[in-house]
Amino acid sequence: MVGLLSPGDYAGYADEGRRLAVDVPNVTPMDAARFIAEATPIIGDAMAAKEIYDEATSENPNWALVGALGGAAVLGLFPGIGDAAAKAVKSGARGLLDTAKRVEVDPNAMGSLLGNVRLKPASKANKADLDPLGYQKTRMNDAYLSDTDVRSTDTGENLSRRPMSWEETEGKVVLPFYGDRTSRGLLVEGVNDVNFDQPVYTEGGVDFMVGPAAQADNSIWASNQNIITRIDKEAAKAAEKFEGADILGLTGSMAPDANDFATMTGAAMAELVKGAKITKKSAKEFDEIMRSIDPDFVGVLSPKIREWAETTTSPKRKSFIRLMDSAPMQAKGFPSPAEARYSVTDPTQRDMPAGMFGLGAARVDTSAPLMFNAPKGNLPKTSVPHSTYNTQISGEYLGSLPPVPQGLLFKDVYNAMEGKVTKSGQPLNEAHKTHAIKTKMPAQKITPEILEGILSYLSRMEK
């Protein structure tokens, strides 16, 4: 029990107060209210979480403000994401935005240091929260894709990416190298609680430009013969049109399910099948559909399923993965195609939207012949064949640029589609515009105006 204070006590406290007195700054009623709220654990924690959430999910987030609001308390709240979140705040990456959408405030919890802030359980999250970039057509099975544990080993085969600035591209002509976002030079050994019987070797994507094929043959890109032949012809036409200007191939990220064509994605999917609890009845239904596509399908529970996935054609492999990505098959316990796609995705592209260009840049050698896995006659043979694609084109690797949206780069084609609509009268979306750029394969000269737009975009992203 606290006793009553004597007059002498009051006098002593008054003297001590005068001794410690400092000039008082101007404080508004709002400042005072805010201080009281922030000094109260429940209210203060909720205010911080709400401000972080509101800013991070706004149309144009100020990532510096997000970092200032959160500080070590928020970034350290979630084990394992501190470093990634800090980088996201610094670079304006999508990663922290996805994390912010997962934050919820528990009004019944008490405590300081954001003790009443927690991640929203996956069971309460919607499809977009679980899988923001659409790695899977169906809803993830109560799991955040970003929590996927991918275990892999770097083979050390690739040369390092060379940092490159957009200023180095001024006056040069660029061609779009749309590609899947698969990794190169990794051995994927398992996903979550599934350990692969045999690691999956990744060999595609941006780092093809610095991998063994590039080192042996100066190869800068691989694809099917018709696509590489077209790139070669467009590069030659551009070199003539722009009077000998350097023709650069710039890589652009496709949608996550573009990985389905690659051998490695099929192999990862097959390994996940081995760890799934699929009934014989469900397997029979799956097999019947697959055999209508491929009469030689070995069966989803066959011990040869991985061999089939690696040796079949790209269209059949795509059908195999996308059949699993159907609601009926997911309901029957088939593994997540998103996890297979995610596992073979280049880690630097896992959170990258489609249509971002520049991670790989190379000068196309318009005088060099194409190379083939199985050449006819005296045509050159690839020293390091790609298991998915049969043709390669030569050039000189230049470096890796900060990625920018396709609309800033291929401005002429992009602007020509402004205001256009589909046959059904709907405005063209990004997928339509991507298709148009892939179809037209425009040779775009990097003018001062285009460069200025790119640099302005990157400046905004750094704030």
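The values are calculated or read from the model by the stated rules, or taken from the named source; none is laboratory data. Keep in mind it's a predicted model, so treat the numbers as computed, not measured. With ideal geometry, Cβ positions are generated from the backbone for all residues, glycine too; neighbour counts draw on all protein chains shown. Accessible surface is based on the protein model in full, side chains and every heavy atom, while ligands, DNA and RNA are left aside. Shrake-Rupley method; radii C 1.70, N 1.55, O 1.52, S 1.80 Å.
Consider region 216-226 and keep the residues that are open to solvent by 40 Å² or more (accessible area, probe 1.4 Å) and touching a residue at least 60 places away in the same chain (Cβ under 8 Å). The one that is farthest from the chain's Cα centre (by Cα) is 216. Of all residues in region 287-311, those satisfying the criterion of being more than 32 Å from the chain's Cα centre (by Cα) and open to solvent by 70 Å² or more (accessible area, probe 1.4 Å) are 288, 291, 292, 295, 296, 303. Cβ contacts < 6 Å: first residue under 17 Å from residue 175 (Cβ atoms) and assigned to a strand (DSSP E or B), restricted to region 385-409; second residue open to solvent by 10 Å² or more (accessible area, probe 1.4 Å) and hydroxyl-bearing (Ser, Thr, Tyr), any location; separation 6+ or different chain. Result? From residues that are under 17 Å from residue 175 (Cβ atoms) and assigned to a strand (DSSP E or B), the pairs are 404/457.
Assess whether residue 455 counts as being open to solvent by 40 Å² or more (accessible area, probe 1.4 Å) and under 28 Å from residue 314 (Cα atoms).
Working: open to solvent by 40 Å² or more (accessible area, probe 1.4 Å): yes; under 28 Å from residue 314 (Cα atoms): no.
So residue 455 does not fit the description; no.
Quick check on region 336-343. Is at least one of its residues at pLDDT 95 or above, touching a helix residue (DSSP H, G or I) at 6+ places or on another chain (Cβ under 6 Å), among the aliphatic types (A, V, I, L, M) and under 23 Å from residue 149 (Cα atoms)? Yes: region 336-343 contains one or more residues that are at pLDDT 95 or above, touching a helix residue (DSSP H, G or I) at 6+ places or on another chain (Cβ under 6 Å), among the aliphatic types (A, V, I, L, M) and under 23 Å from residue 149 (Cα atoms). Close Cβ contacts (under 9 Å, 6 or more residues apart or on different chains) running from residues in region 132-145 that are in contact (Cβ under 8 Å) with a residue 12 or more places away in the chain to residues that are in a loop (DSSP other than H, G, I, E, B) and open to solvent by 80 Å² or more (accessible area, probe 1.4 Å) comprise 139/126.
Quick check: anything in region 430-450 surrounded by 13 or more Cβ atoms within 10 Å (Cβ to Cβ), touching a helix residue (DSSP H, G or I) at 6+ places or on another chain (Cβ under 9 Å), of a type in the set (Asp, Glu) and within 21 Å of residue 212 (Cα to Cα)? No, region 430-450 contains no residue that is surrounded by 13 or more Cβ atoms within 10 Å (Cβ to Cβ), touching a helix residue (DSSP H, G or I) at 6+ places or on another chain (Cβ under 9 Å), of a type in the set (Asp, Glu) and within 21 Å of residue 212 (Cα to Cα).
Of all residues in region 316-347, those that are part of a loop (DSSP other than H, G, I, E, B) and buried (at least 20 other Cβ atoms within 10 Å of the Cβ) total 6.
When region 238-275 is limited to residues that are without any contact (Cβ under 8 Å) to a residue 60 or more places away in the chain and part of a loop (DSSP other than H, G, I, E, B), the one that is farthest from residue 338 (Cα to Cα) turns out to be 243. Residues in region 348-378 that are assigned to a loop (DSSP other than H, G, I, E, B) and among the basic types (Lys, Arg) were compared, and the one that is nearest to residue 400 (Cα to Cα) is 350.
Quick check on my filter: what residues within region 293-315 are assigned to a loop (DSSP other than H, G, I, E, B), over 19 Å from residue 259 (Cα atoms) and of a type in the set (Val, Ile, Thr)? Reasoning before the result, please.
Here is the first cut: in region 293-315, the ones assigned to a loop (DSSP other than H, G, I, E, B) are 294-304, 312-313.
Restricting the remaining residues to those that are over 19 Å from residue 259 (Cα atoms) gives 294-304.
Hits for region 293-315 are 298, 300.
Kindly check whether there is at least one residue in region 364-376 that is open to solvent by 40 Å² or more (accessible area, probe 1.4 Å), within 30 Å of residue 444 (Cα to Cα) and touching a helix residue (DSSP H, G or I) at 6+ places or on another chain (Cβ under 6 Å). So far as region 364-376 goes, yes, one or more of its residues are open to solvent by 40 Å² or more (accessible area, probe 1.4 Å), within 30 Å of residue 444 (Cα to Cα) and touching a helix residue (DSSP H, G or I) at 6+ places or on another chain (Cβ under 6 Å).
You will find that of 355, 407, 399, the residue that is modelled with pLDDT under 95, at positive phi and under 21 Å from the mean Cα position of the chain (by Cα) is 355 and no other.
Test residue 284 against the stated conditions and say whether it is open to solvent by 70 Å² or more (accessible area, probe 1.4 Å), modelled with pLDDT of 95 or more and more than 27 Å from residue 390 (Cα to Cα). So residue 284 passes the test. So which residues in region 144-164 are over 26 Å from residue 213 (Cβ atoms), in a loop (DSSP other than H, G, I, E, B) and open to solvent by 40 Å² or more (accessible area, probe 1.4 Å), if there are any at all? Selection gives 149 alone.
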